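A short worksheet on the structure shown next.
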Amino acid sequence: MLIAGNWKMNTDVPEGRALAQVIADRLSTEPQSFEGVDFLVCPPFVHLPAVVDALADSSVAVGAQDVHAEDEGAYTSDVSAPMLTSVDCDYVILGHSERREYYDETDADVNAKVRQARAHDLVPIVCVGETLEQREAGDAESVVRRQVDGTLDGVSIERSEDLVLAYEPVWAIGTGESAAPEQAQEMHAVIRSDLTERYGADVADGVPLLYGGSMKPHNAHGLLSQPDIDGGLIGSASLAADSFFGIAEEAVEVLEETAA
């Protein structure tokens, strides 16, 4: 299970470092409590060196929230893949619905960034998901398939650990509403099928598929119990260590139930 925190544009640098330190400290004192769960945090760009430093002696991976499609150039305010790798960043979120909505990112834009991430050995967390209007029109599956196909066009993946997909129904992000476990599973199965057609079952079966739509400790168990949901891309609940670990505890319970 991969439990990933997307901090978005929240916390200042001292607050972000403090949160990362709390996460590191708990894992160091309870190393056996979260067996089978991998942790990842994706803070704002300016936090990255401080967060990486705070997590240096832990198993928590660090990711960024976006990357430019070029190595360098006159792109004021943007951040390149070499910049991210230079501060020991391992993952990068791409195509989040907020980037698509507020910055008009297209599947082609996301595809260029995915290619760039892979060229620099960053693991892309590719986000896909439908709006409420698209779901009500019966187009959810076709929208998600189109996004997967567009963002991964020409992207070669030989190992399952080189890619993460996150299904985030746009209508559930930041609303407090979450897809029902069965709804989420249905869309995750669509994504898994698409990846199998693209990369073969050996790779596709191991690619982590995360649910990202208002996952909280109270609803995490039902979502994480689904066969094609391998973790969560957590928004607001990742900004407090108690709720972040609360979701991780639910993941551990699911793993124990599955193994029983």
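Figures for the structure shown
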{"quantity": "Residue match in segment 96-117 (condition: part of a loop (DSSP other than H, G, I, E, B) and small (Gly, Ala, Ser))", "calculated": "no"}
{"quantity": "Lone unmet requirement of (1) in contact with a Gly (Cβ under 7 Å, 6 or more places away or on another chain); (2) without any contact (Cβ under 8 Å) to a residue 12 or more places away in the chain; (3) over 18 Å from Val170 (Cα atoms); (4) not hydrophobic (A, V, I, L, M, F, W, C) for Glu105", "calculated": "(3)"}
{"quantity": "Pairs where the first residue, in segment 190-219, is of a type in the set (S, T, N, Q) and the second is in a helix (DSSP H, G or I) and buried (at least 19 other Cβ atoms within 10 Å of the Cβ), C-beta under 8 Å, 6+ apart", "calculated": "Thr196/Ala204; Ser214/Ala172"}
{"quantity": "Flag for Val128 being over 21 Å from Ala251 (Cβ atoms), touching a Ser or Thr at 6+ places or on another chain (Cβ under 8 Å), crowded, with 23+ Cβ neighbours inside 10 Å and not charged (D, E, K, R)", "calculated": "yes"}
{"quantity": "In segment 85-126, the residues that are over 15 Å from the mean Cα position of the chain (by Cα) and of a type in the set (Phe, Trp, Tyr)", "calculated": "Tyr102, Tyr103"}
{"quantity": "Segment 66-94 residues that are more than 15 Å from Leu48 (Cα to Cα), paired with ones that are part of a strand (DSSP E or B) and at pLDDT 95 or above (beta carbon under 6 Å, 6 or more apart)", "calculated": "Leu94/Pro124; Leu94/Val126"}
{"quantity": "Residue within segment 4-20 that is at pLDDT below 95 and of a type outside the set (Gly, Ala, Ser) present", "calculated": "no"}
{"quantity": "Residue in segment 12-32 that is surrounded by 13 or more Cβ atoms within 10 Å (Cβ to Cβ), over 19 Å from the mean Cα position of the chain (by Cα) and assigned to a loop (DSSP other than H, G, I, E, B) present", "calculated": "no"}
{"quantity": "Condition broken by Gly235, with the remaining ones in (1) surrounded by fewer than 19 Cβ atoms within 10 Å (Cβ to Cβ); (2) under 21 Å from Met9 (Cβ atoms); (3) not basic (Lys, Arg) satisfied", "calculated": "(1)"}
{"quantity": "Looking only at segment 179-213, and only at residues there that are outside any helix (DSSP H, G or I) and under 16 Å from the mean Cα position of the chain (by Cα), the one that is surrounded by the most Cβ atoms within 10 Å (Cβ to Cβ)", "calculated": "Tyr211"}
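Residue-by-condition table, conditions (1) assigned to a strand (DSSP E or B); (2) under 29 Å from Asp25 (Cβ atoms):
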{"position": "Val51", "(1), (2)": "no, yes"}
{"position": "Ala56", "(1), (2)": "no, yes"}
{"position": "Val62", "(1), (2)": "yes, yes"}
{"position": "Glu72", "(1), (2)": "no, no"}
{"position": "Ser77", "(1), (2)": "no, no"}
{"position": "Leu84", "(1), (2)": "no, yes"}
{"position": "Asp88", "(1), (2)": "no, yes"}
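The values are calculated or read from the model by the stated rules, or taken from the named source; none is laboratory data. Since this is a predicted model, take the numbers as computed values, not measurements. Cβ: placed from backbone, ideal geometry, glycine included. Neighbour counts: every protein chain shown.
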